[in-house]
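Enquirer: Sending over a structure as structure tokens; questions will come in a sec.
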Amino acid sequence: MNEIINILSNNLIEILITIITGVISYLGVRIKTIYKEYIEDKMKKEIVLETVKYVEQTCKDKPCTDKKEKALEKAQEWINSKNIKISKVELEILTESAVNTLKKVKE
């Protein structure tokens with residue numbers, strides 16, 4: 001029993017350093033993942049908003065459904081070029097939200 005306590009006490013600092021390093025590494029990876037998700041979400045919103053502005057400017061004489069399809073297509077291209085994943089549902093929701101935001105700004 002004394003031998004075990006003696007070994008643990010001699011290696012206690014090394015054991016604690018190993019545990020602390022593991023915890024810090026885990027926290028670092030977790031923070032990086034959360035930050036990446038935040039940045040990607042922010043980029044998606046900005047890309048969709050700018051795309052809706054672009055379509056509104058360049059397709060003034062087209063019907064609403066054509067504008068929506070054009071905005072979805074262009075936003076998808078731009079987001080794909082940034083290697084960001086987005087679902088069709090998320091893209092549609094962000095597009096409608098961007099249109100709503102622009103309508104409020106115009107009023």
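The values are calculated or read from the model by the stated rules, or taken from the named source; none is laboratory data. A quick note: this is a predicted structure, and the numbers were derived from the prediction, not measured. For neighbour counting, all protein chains shown are included, and Cβ atoms are generated from backbone atoms with ideal geometry for every residue, glycine included. Quick note on the areas: whole protein, heavy atoms, side chains included, nothing else; ligands and nucleic acids left out. Shrake-Rupley method; radii C 1.70, N 1.55, O 1.52, S 1.80 Å.
Enquirer: Excluding residues on the same chain fewer than 8 positions from LYS82, give the aspartates and glutamates whose Cα lies under 17 Å from its Cα.
Expert: Here the aspartates and glutamates satisfying the reach criterion relative to LYS82 are GLU37, GLU40, ASP41, GLU46, GLU50, GLU73, GLU90.
Enquirer: May I pose another question? Solvent-accessible area per residue for the chain at a 1.4 Å probe radius, Å²?
Expert: Details: 8700 Å² over 107 residues.
That works out to 81 Å² per residue.
Enquirer: Is it possible to state the helix-based mean residue ellipticity at 222 nm for the chain, with each DSSP H run of 4+ residues giving -39500 (n - 2.57), the sum divided by total residues, to the nearest 500 deg cm²/dmol? What is it? Don't skip to the answer; put the middle values down first.
Expert: Numbers: 3 runs with 94 residues, N = 107.
About -32000 deg cm²/dmol.
Enquirer: May I ask you to derive the relative contact order of the chain, considering only C-alpha pairs under 8 Å and at least 6 residues apart, and to give it as an integer percent? Show your work: numbers first, answer last.
Expert: Working: 39 pairs, mean separation 30.5, N = 107.
That works out to 28 percent.
Enquirer: Moving on to the next point. Using a 1.4 Å probe on the protein heavy atoms, what percent of the accessible area of the chain belongs to carbon and sulfur?
Expert: Ligands and nucleic acids excluded, carbon and sulfur reach 60 percent.
Enquirer: Going down the list LYS67/LYS106; LYS62/LYS88; LYS32/LYS74, which pairs span over 20 Å between their C-alpha atoms?
Expert: LYS62/LYS88; LYS32/LYS74
Enquirer: To make sure I understand the rule: partners must be aspartates and glutamates, Cα under 15 Å from the Cα of LYS104, and not fewer than 8 residues away in the same chain. Which ones qualify?
Expert: GLU56, GLU96
Enquirer: Then there is this: Positive end of the dipole of the range 21-77, charges at C-beta (+1 Lys, Arg; -1 Asp, Glu), about the Cα centre: which of PRO63, SER25, THR51 has its Cα farthest in that direction?
Expert: Farthest towards the positive end: SER25.
Enquirer: Related question: Compute the orientation-averaged projected area for the chain from the convex hull of its Cα atoms and round it to one decimal in nm².
Expert: 10.8 nm²
Enquirer: Using each residue's phi in the range 73-80, evaluate 6.51 cos²θ - 1.76 cosθ + 1.60 at θ = phi - 60° and report the 3J(HN,Hα) Karplus result to the nearest Hz, with x for Gly and Pro.
Expert: Going residue by residue, I get 5, 5, 5, 4, 4, 5, 5, 4 Hz, with x marking Gly and Pro.
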